[in-house]
Amino acid sequence: MASVLLVEDDPVIRAALLDVLTTHGHAVRSVTQGFEALREATQNPPDAVVLDLGLPDLDGVDVLRMLRGISRVPVLVATARDDEAEIIRILNAGADDYLVKPFSGGQLAARINAVLRRAGHPAAPDPAPALLRAGELVIDPAARTARLGAAELSLTRREFDLLAYLTRQAGRVVSRRQILAEVWRESYVDDQTVDVHLSVLRRKLGESAAAPRYLHTVRGIGIKLVAPR
Ligand code: CA
């Protein structure tokens, strides 16, 4: 598993890329602006960056140049423009590889693995997505199944996505806003929807908000999944 910083402002493309990368076992953080990407890459250096060129605040090539001033992290650029001058500009600015939109998820995953391998990343991931584990909870993102110990959990699509997301972020507090952005990916859903799904998940995991095992509410901040001791 590698940590990937995804820089993409288009919510639909961002959601699709996030899906592909997480399904292939990567831990993905996503940002929508160039300056945010530079700050994130500095504070929390990723193993690889997927960088969109058309960002709202900066040209992606300028982001790439600034990033190269501080980091040798492998960068895969996603561009809508495929003329030769553009590709040369991208590579000269320090990109390790590029993809021309629209591209398939399979191609993105393969190219990310290739740049990670070339960078000598110790755990360049397998083609098969990794299982997610926390305590007795085992989630298979490819088969979309979740087990708690020997019992298979019967989950709706959204419950599965929510549980998989929380398990990927295990040990970290995530806010309802983050959950809405990463699991629902729709702006018109409200916080209560998250709470309702959390309460159903708790029931299916055999716990409650008052007696949590995996799903811990952090008051005023959000929720954290931790493996019980
Ligand atoms: Ca864009």
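Taking the stated definitions as given, is residue 55 under 15 Å from residue 105 (Cα atoms) and within 13 Å of the ligand (Cβ to nearest atom)? Walk me through how you get there before you give the answer.
On the way: under 15 Å from residue 105 (Cα atoms): no; within 13 Å of the ligand (Cβ to nearest atom): yes.
Taking the combined requirement at face value, the residue does not satisfy it.
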task = Just give me the residues in the range 216-229 being more than 15 Å from residue 178 (Cβ to Cβ) and open to solvent by less than 60 Å² (accessible area, probe 1.4 Å), in sequence order.
result = 216, 226, 227, 228
query = Any residue at all in the range 136-156 that is modelled with pLDDT under 90, of a type in the set (Ser, Thr, Tyr) and surrounded by fewer than 15 Cβ atoms within 10 Å (Cβ to Cβ)?
reply = no
inquiry  = So in the range 1-40, with the set limited to residues that are basic (Lys, Arg) and away from the ligand (no atom under 16 Å from the Cβ), which one is farthest from the chain's Cα centre (by Cα)?
reply    = 39
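For the range 58-72, which residues satisfy the criterion of being open to solvent by 10 Å² or more (accessible area, probe 1.4 Å), of a type outside the set (A, V, I, L, M) and within 16 Å of the ligand (Cβ to nearest atom)? Before the answer, list the steps.
Let us first name the residues in the range 58-72 that are open to solvent by 10 Å² or more (accessible area, probe 1.4 Å), namely 58-59, 62, 65-66, 68-72.
This time we only want the ones that are of a type outside the set (A, V, I, L, M), so: 59, 62, 65, 68-69, 71-72.
Across the range 58-72, the qualifying residues are 59, 62.
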ask   = Somewhere in the range 79-92, is a residue surrounded by 17 or more Cβ atoms within 10 Å (Cβ to Cβ) and assigned to a loop (DSSP other than H, G, I, E, B)?
value = no
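Listed here are the residues, each with its yes/no results for (1) free of Cβ contacts under 8 Å to residues at least 40 places away in the same chain; (2) within 23 Å of residue 4 (Cβ to Cβ); (3) part of a strand (DSSP E or B).
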| position | (1), (2), (3) |
| --- | --- |
| 142 | no, yes, no |
| 197 | yes, no, no |
| 202 | yes, no, no |
| 211 | yes, no, no |
| 224 | no, yes, yes |
| 227 | no, no, no |
note = Quick count over the range 19-53, residues being closer than 20 Å to residue 160 by Cα and either touching a strand residue (DSSP E or B) at 6+ places or on another chain (Cβ under 6 Å) or not in a helix (DSSP H, G or I) (or both), is 8
request  = Starting from residues that are of a type in the set (Ser, Thr, Tyr) and open to solvent by 40 Å² or more (accessible area, probe 1.4 Å), keep the ones in the range 19-56 and report whichever is nearest to residue 68 (Cα to Cα).
outcome  = 42
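Kindly evaluate residue 188 against the criterion of being open to solvent by 60 Å² or more (accessible area, probe 1.4 Å), outside any strand (DSSP E or B) and of a type in the set (Ser, Thr, Tyr). I'd like the intermediate steps shown before the answer.
Numbers: open to solvent by 60 Å² or more (accessible area, probe 1.4 Å): yes; outside any strand (DSSP E or B): yes; of a type in the set (Ser, Thr, Tyr): yes.
Yes; evaluated as a whole, the condition is true for this residue.
Tally up the residues in the range 1-18 that are part of a helix (DSSP H, G or I) and open to solvent by less than 30 Å² (accessible area, probe 1.4 Å), please.
Residues of the range 1-18 that are part of a helix (DSSP H, G or I), as a first pass: 11-18.
Now narrow it down to the ones that are open to solvent by less than 30 Å² (accessible area, probe 1.4 Å): 15, 17-18.
So the count comes out to 3.
The values are calculated or read from the model by the stated rules, or taken from the named source; none is laboratory data. A quick note: this is a predicted structure, and the numbers were derived from the prediction, not measured. Reconstructed Cβ throughout: ideal geometry from the backbone, glycine too, with neighbour counts over all protein chains shown. Quick note on the areas: whole protein, heavy atoms, side chains included, nothing else; ligands and nucleic acids left out. Shrake-Rupley method; radii C 1.70, N 1.55, O 1.52, S 1.80 Å.
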